[in-house]
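Down below is the structure, laid out as structure tokens.
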Amino acid sequence: MMTNNVEPLMIGNQQRSPEKNMNLLLSKLKGIIVPEPNKYYTFIYKAKTPRIQYDQHPCILCGQVLQWGFTGYNIHWEEVRRYTWGEVISNVFELNEEEFQSMQNYQTARMRSS
């Protein structure tokens, strides 16, 4: 049976800031270096492209892993986005399928403008 590290954090998550929720979440997950396609991840990101909106706390289903970075379906944007290695400012944290489903109701989205 897989452990769901997100579920215990759900209590009170609507009242906490996305930053606090993200810090709590990352303290419970295992960090990795390079994501793998068809697996779930979350991380902290800072876009380099000027004048765009981006999600600083993406939660993704990884698509392709490329030399410049990776693609992923972001549940906060509900679309595929690109993430370059130099702008990933935390470890990449893997989520199991149950944790990824729980993330649908866990407030971590932090929309920013570059």
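The values are calculated or read from the model by the stated rules, or taken from the named source; none is laboratory data. All of these numbers come straight from a predicted model, not from anything done at the bench. Virtual Cβ from ideal backbone geometry, glycine too; neighbours counted across all protein chains shown. Keep in mind that these areas ignore ligands, DNA and RNA; they rest on the heavy atoms of the full protein, side chains included. Shrake-Rupley method; radii C 1.70, N 1.55, O 1.52, S 1.80 Å.
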Any hit, region 66-80, residues being in a loop (DSSP other than H, G, I, E, B), surrounded by fewer than 16 Cβ atoms within 10 Å (Cβ to Cβ), free of Cβ contacts under 8 Å to residues at least 12 places away in the same chain and among the charged types (D, E, K, R): yes
When residues of region 51-79 are limited to those that are over 15 Å from R112 (Cβ atoms) and polar (S, T, N, Q), the one nearest to the chain's Cα centre (by Cα): T71
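This table checks each residue for (1) in contact with a Leu (Cβ under 8 Å, 6 or more places away or on another chain); (2) open to solvent by 90 Å² or more (accessible area, probe 1.4 Å); (3) more than 12 Å from Y106 (Cα to Cα).
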residue: P8; (1), (2), (3): no, yes, no
residue: I11; (1), (2), (3): no, yes, no
residue: N21; (1), (2), (3): yes, no, no
residue: A47; (1), (2), (3): no, no, yes
residue: I52; (1), (2), (3): no, no, yes
residue: L61; (1), (2), (3): no, no, yes
Residue ID - nearest to R51 (Cα to Cα), chosen from residues in region 81-114 that are open to solvent by less than 30 Å² (accessible area, probe 1.4 Å) and among the aromatic types (F, W, Y): Y83
Sole exception among (1) out of contact with any Pro (no Cβ under 7 Å at 6 or more places or on another chain); (2) open to solvent by less than 80 Å² (accessible area, probe 1.4 Å) for K30, by number: (2)
Subset of region 42-65 (residues that are outside any strand (DSSP E or B) and either touching a Ser or Thr at 6+ places or on another chain (Cβ under 8 Å) or over 23 Å from E97 (Cα atoms) (or both)): F43, I44, K46, A47, K48, T49, P50, R51, I52, H57, P58
Selection count where residues are under 18 Å from L26 (Cβ atoms) and either of a type in the set (A, V, I, L, M) or touching a strand residue (DSSP E or B) at 6+ places or on another chain (Cβ under 6 Å) (or both), scope region 95-111: 4
